[in-house]
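**Q** Please read through the structure below; I'll follow up with questions.
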Amino acid sequence: MKDENGDNLFDYAARRARAEAAKKSAMEQVEDNANEQWKLFVTQLAVQQLTIKRRITTDDIRDAYLASDIADKPTTHDWRALGPLMLGLSKMGYCHKDKEFIPSIRRSRHNGPMQVWISDIYRGNSNGPDLSPPQPIEPQPVRGGAGDVHAGEDPRREAAGGRSRP
């Protein structure tokens, strides 16, 4: 049995290779056809977002673009060019992909999954929502019969001379 491209339906490796090649070609095409001034502008916005948020999606960059008060913002015909832009920023060390995807908030994306990017240049949050995971809660003292123990600590460690017993 063959698929629409003539590949054997059961030859997963060949079908996967064809799909990866098509994706790479599409990303190169959308990046090549994007307005150069737009790419520079949204790259600056992406770096700004990565500086103030620990985790972002391309929705954050688009929101920053739309909120910008610059009158003559450069435009482009296809916002999918943000994908190759983010990969480029990743290669330059600004961010890296998270394993997590979250639903898009844009109607045009129909709640589709968005890649989450983790900032490698985060300096602190300004205003606006932050997708960062919650910080761990500091352990609180717990009263116990053998003395005060902090939650999360292994009381056997002290008894074993600083080593945890199995």
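**Q** Enumerate the calculated ³J(HN,Hα) couplings along the stretch 90-105 in order (Karplus 6.51 cos²θ - 1.76 cosθ + 1.60, θ = phi - 60°), each rounded to whole Hz, writing x wherever the residue is Gly or Pro.
**A** After applying 6.51 cos²θ - 1.76 cosθ + 1.60, I find 5, 5, 8, x, 7, 7, 8, 5, 8, 6, 8, 10, 10, x, 5, 9 Hz.
**Q** Turning to a different aspect of this structure: Between ARG54 and residues 5 or more places away or on another chain, which pairs have amide H atoms under 5 Å apart, with H built 1.01 Å from N, and which residues are they?
**A** LEU131, SER132
**Q** Oh, and also: Got a sec? How would LYS24, LYS99, LYS39, LYS53 order by Cβ neighbour count within 10 Å, fewest to most? Don't skip to the answer; put the middle values down first.
**A** Numbers: LYS24 11, LYS99 7, LYS39 18, LYS53 22.
Fewest to most other Cβ atoms nearby, the residues stand as LYS99, LYS24, LYS39, LYS53.
**Q** Would you please give the residues with an amide H less than 5 Å from that of ASN35, counting only those at least 5 places away or on a separate chain, with H modeled from the backbone geometry?
**A** Distant-sequence amide H within range of ASN35: HIS77.
**Q** Here's another thing I want to ask about it. Just need the relative contact order of the stretch 12-119 here, percent rounded to a whole number, with Cα pairs under 8 Å and 6+ apart. Walk me through the intermediate numbers first.
**A** On the way: 103 pairs, mean separation 33.5, N = 108.
Taking the mean separation of contacting Cα pairs over the length of the stretch 12-119, I get 31 percent.
**Q** Within 10 Å of each residue's Cβ, count the other Cβ atoms and sort ARG80, ARG123 from fewest upward.
**A** Working: ARG80 16, ARG123 9.
The order, fewest Cβ neighbours first, is ARG123, ARG80.
**Q** To continue, here is another question. Subtract the Cα-Cα distance of ARG123 and ALA17 from 0.36 nm times their separation in residues, and report this length gain in nm to one decimal. Mind dumping the intermediate values first?
**A** Working: separation 106, 0.36 × 106 = 38.16 nm, distance 3.92 nm.
Using 0.36 nm per residue and subtracting the Cα-Cα distance, I get 34.2 nm.
**Q** Another question, then. With a 10 Å Cβ neighbour count serving as the proxy for reagent exposure, in which order, fewest first, do GLU4, GLU28 appear?
**A** Details: GLU4 5, GLU28 11.
With the fewest neighbours first, GLU4, GLU28 line up as GLU4, GLU28.
**Q** Be a star and scan the stretch 40-84 for residues whose amide nitrogen sits under 19 Å from the point 7 Å along the Cα-to-Cβ vector of ALA26.
**A** Hits in the stretch 40-84 for ALA26 at 19 Å: 58-59, 77-84.
**Q** Right, another one. Suppose R0 equals 22 Å. What FRET efficiency, 1/(1 + (r/R0)^6) with r the Cβ-Cβ distance, do VAL47 and SER68 give to the nearest 0.05? It would help to have the intermediate numbers written out before the result.
**A** Values: r = 14 Å, r/R0 = 0.63.
That pair, VAL47 with SER68, gives E of 0.95.
Here, each number is a calculation from the coordinates, and none is a lab measurement. The shown structure was predicted, so the numbers you read here are calculated from the model rather than taken from an experiment. So basically every Cβ, Gly included, is an ideal-geometry build from the backbone, and we count neighbours across all protein chains shown.
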